[in-house]
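Worksheet for the structure shown next.
The values are calculated or read from the model by the stated rules, or taken from the named source; none is laboratory data. These numbers come from a predicted model, not from an experiment. Cβ sites come from the backbone with ideal geometry, for glycine too, and all protein chains shown count toward neighbours. Protein only, heavy atoms only, side chains kept; ligands, DNA and RNA dropped before computing areas. Shrake-Rupley method; radii C 1.70, N 1.55, O 1.52, S 1.80 Å.
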Amino acid sequence: MSFQTEIPTPIDIIMANGGVGSGYVLETTSFDWAGLDAAVSRVVQKWRLLAARVVFEGSVSWSFYLSRTLGSHLTIHSVDKAYVLRIPVGDLGNSFKTHTFTTRRFDHPLPISLPVSSDSLKLYPIYLTDYFIVAGGNMSMSDYSISQAPLLSLHITYFDNVTCVGIEGPHGVFDGIGFGLVLEAIEAELAGRSWEIPRLDTSKCFADATKDLPSAALGEEGDGGRLPDTMIPATVVSAKKERPPPPPLIVFKNIFIGDNIVAKWKEESKEMLSKEGDGSFVSTGDLLAAWLTKAAFNKPPPNTDTIIMKTIFDIRPTLSTPSLDLTRYPHNMMSAFDISVSLSTLSSLPLATLAKAHRQAIIKYRNRAYVKSFLDFLTSDGFPPASPERSTWILFSNQTSAKLVIDLKEKLVGFEKFVLPVGPVAPVNSSINKVGKGWVLCAALPKERWGSVEGVLREMGAEIESPSLRPALYVTMKRRRTDDSVDLAAVRVAAPKAATSLRQAAERRIKPKSQASLHVIAWRCRIPNCSL
């Protein structure tokens with residue numbers, strides 16, 4: 001069998017410690033698992049990138065492992081590891097394992113929370129990721145390299161009333177939009193439709209797309225080519241002498257906002273913006289991001305003057321050319337920007353005004369000079385950038401551009417997006433997805449911010465589901481010792497029983513003896529509500 005090699009880009013390597021996936025709750029107890037299993041296998045057979053195995057290739061000088069990303073302080077450790085994708089291009093043979101497939105069953109019903117009305121407004125807890133993923137399975141590029149496991153994992157959990165289906169892959173290979181291409185292909189195979197197979201030479205595509213990027217003109221604030229001043233290099237922040245404050249507990253919850261409510265916001269915003277006469281427009285994603293920001297900080301946090309909206313956005317349209325179409329580029333292709341808002345004016349700021357500022361920032365920074373600045377920053381100072389003192393931030397994913405909700409031929413009564421492990425980089429972001437007759441905001445906020453959100457929702461007449469209806473583990477992560485350089489994948493190999501015992505300890509809410517043990521709990525067992 002012959003092979004082709006794909007080399008991860010700098011953006012891929014920054015995401016190498018995580019996994020990305022989607023979880024679907026289906027109203028059936030007799031789900032056609034065989035049909036889905038066969039469809040995934042056919043997709044892998046056709047799209048050979050998905051048949052790749054991760055191979056360790058030595059060291060690289062510009063990758064970073066962020067042991068801490070919350071608050072205004074970061075500690076950076078050099079990973080010095082590089083991985084490549086070894087892609088089989090010949091006949092795979094009958095014995096080739098195209099994907100991982102696992103199942104489990106619970107003899108009790110699962111609460112259903114997704115509203116079915118276009119007028120609904122509801123706050124409800126997330127489902128445990130264990131319903132969609134095997135605890136202790138592969139996640140990081142290191143995991144996949146050691147185990148030589150397939151890139152795609154399919155996990156089905158049966159309950160008395162519903163079936164949960166989870167599909168996962170490594171974030172070091174796919175971003176949300178790239179993973180959406182995988183889900184799109186699976187959906188097409190299930191429906192018997194044809195689909196376009198993305199090209200394989202994607203690492204060459206990235207090199208071609210970024211080799212002639214223009215540099216920003218220094219000192220010109222309006223050209224959109226410079227990073228915002230709030231993006232402080234992490235290496236600068238980590239050099240501070242004082243002891244960093246304890247990081248906040250990040251809690252994930254879902255907010256369903258019905259189509260009719262969103263339509264009303266859009267109409268009001270359109271009317272307001274038309275009076276300004278500058279031709280501005282805002283998208284649904286802009287409005288929902290603005291609404292969540294205003295709701296989260298409706299009650300001002302202490303010792304804070306500035307709220308920073310951090311947004312990850314897709315740069316495929318920016319780097320595409322007539323001779324190089326990156327629309328179906330599957331790997332990580334994203335950048336980020338900041339919007340600073342004074343806390344004293346946030347509550348009185350009209351929703352349309354904040355949404356407009358968000359849209360104008362996307363337009364401003366979606367240019368080739370800014371991508372050049374961001375990539376230079378990425379490979380020299382680390383990611384994500386830190387924030388100034390007396391500020392706090394909220395991070396939004398680019399997943400409004402990704403098609404993560406697919407038709408599995410059964411009624412969808414619940415949806416979860418997940419980025420794992422919970423803590424190191426992207427898991428602290430909030431995403432926006434179109435689900436059924438509304439939009440689901442999977443919001444990641446510090447625990448104390450949820451009181452502000454709930455207050456706003458109650459004023460709007462929203463339904464608030466009690467967390468007790470869906471048990472979840474709440475664990476506050478401790479900062480890992482700076483002298484602890486243990487590779488977590490190596491911990492798993494050296495002590496395979498550790499994950500089971502630590503999970504049992506977490507479920508009993510028993511504090512482990514060491515900080516390193518607590519880190520392994522979240523890494524291997526995927527506790528949904530915790531932070532570094």
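Quick check: residue separation of Lys411 and Glu268 times 0.36 nm, minus the Cα distance between them. What number comes out in nm?
Going from the current span to full extension adds 48.2 nm.
Using the Karplus equation 6.51 cos²θ - 1.76 cosθ + 1.60 (θ = phi - 60°), what ³J(HN,Hα) coupling, rounded to whole Hz, does each residue of the range 275-291 give in order, writing x for Gly and Pro?
Using θ = phi - 60°, the values come out as 5, 6, x, 9, x, 6, 9, 9, 8, 4, x, 4, 5, 5, 5, 5, 4 Hz.
Find the accessible area per residue for the range 82-196; the probe is 1.4 Å, ligands and nucleic acids are left out, and the unit is Å².
Working: 3820 Å² over 115 residues.
Accessible area per residue, the range 82-196: 33 Å².
Give, as a single signed number, the net charge of other residues whose beta carbon lies under 9 Å from the beta carbon of Leu354, with Lys and Arg counted +1 and Asp and Glu -1. The partial results should precede the final answer.
Working: positive: Lys294, Lys356; negative: Asp286.
Value of the local net charge: +1.
Scan the range 97-139 for chymotrypsin sites (Phe, Trp or Tyr not before Pro) in coil per DSSP, keeping those whose Cβ has at most 14 other Cβ atoms within 10 Å, and list them by number. Don't skip to the end; give the middle numbers.
Values: sites: Phe101, Phe106, Tyr127, Tyr131, Phe132; in loops: Phe106, Tyr127, Phe132.
Answer in residue order: Phe106.
Tell me, what is the FRET efficiency for Thr102 and Asp376 to the nearest 0.05, using R0 = 41 angstrom and their Cβ-Cβ distance as r?
0.45
Place +1 on the Cβ of every Lys and Arg and -1 on the Cβ of every Asp and Glu in the range 309-391, take the dipole about the Cα centre, and give the residue among Phe337, Thr311, Ala355 whose Cα lies farthest towards its positive end.
Ranked along the dipole, the leading option is Ala355.
Using the heavy atoms of the protein chains and a 1.4 angstrom probe, tell me the accessible area per residue for the range 272-425 in square angstrom.
Working: 5550 Å² over 154 residues.
Averaged over the residues of the range 272-425, the accessible area is 36 Å².
Near the amide H of Phe297, under 5 Å away, which other amide H atoms are found, from residues 5 or more places off or on another chain, if H is placed in the peptide plane?
HN-HN under 5 Å from Phe297: empty list.
What does the net charge come to around His331 if you take all other residues with beta carbon closer than 13 Å to its beta carbon, with K and R at +1 and D and E at -1? Mind showing how you got there, number by number?
Working: positive: Arg199, Lys204, Arg316, Arg328; negative: Glu6, Asp12, Asp175, Asp201, Asp314.
Around His331, the surrounding residues sum to -1.
Quick one: dipole size for the range 245-367, taken about the Cα centre, charges +1 on Lys/Arg Cβ and -1 on Asp/Glu Cβ, in debye to the nearest 20.
Dipole magnitude for the range 245-367 comes out near 160 debye.
Can you list the HN-Hα couplings for the range 192-201, worked out from phi with the Karplus curve (6.51, -1.76, 1.60; θ = phi - 60°), rounded to whole Hz and with x for Gly and Pro?
Result, rounded to whole Hz: x, 9, 7, 8, 7, 7, x, 5, 8, 7.
For Gln4, list long-range residues whose amide hydrogen, built 1.01 Å from N in the peptide plane, is under 5 Å from its own amide hydrogen.
Hits under the 5 Å cutoff: Ile87, Val89.
Along the Cα→Cβ direction, 7 angstrom out, place labels at Asn94 and Ala38. What is the inter-label distance in nm?
1.7 nm
What is the sum of charges, Lys and Arg at +1 and Asp and Glu at -1, for the other residues whose Cβ falls under 12 Å from the Cβ of Thr100?
Result for the local shell: -2.
Given H placed 1.01 Å from N in the peptide plane, which residues other than close sequence neighbours of Phe396 have an amide H under 5 Å from its amide H?
HN-HN under 5 Å from Phe396: Lys310, Thr311, Ile312, Ser430.
Taking θ = phi - 60°, what integer Hz values does the Karplus form 6.51 cos²θ - 1.76 cosθ + 1.60 yield along the range 251-261, in sequence order, with x for Gly and Pro?
10, 9, 9, 9, 10, 9, 10, x, 4, 5, 5
Can you order the peptides 446-452, 142-148, 86-92 by their average number of other Cβ atoms within 10 Å per residue, highest first?
142-148, 446-452, 86-92
Measuring from label point to label point, each 7 Å out along Cα→Cβ, what is the Gln4 to Arg458 span in nm?
5.8 nm
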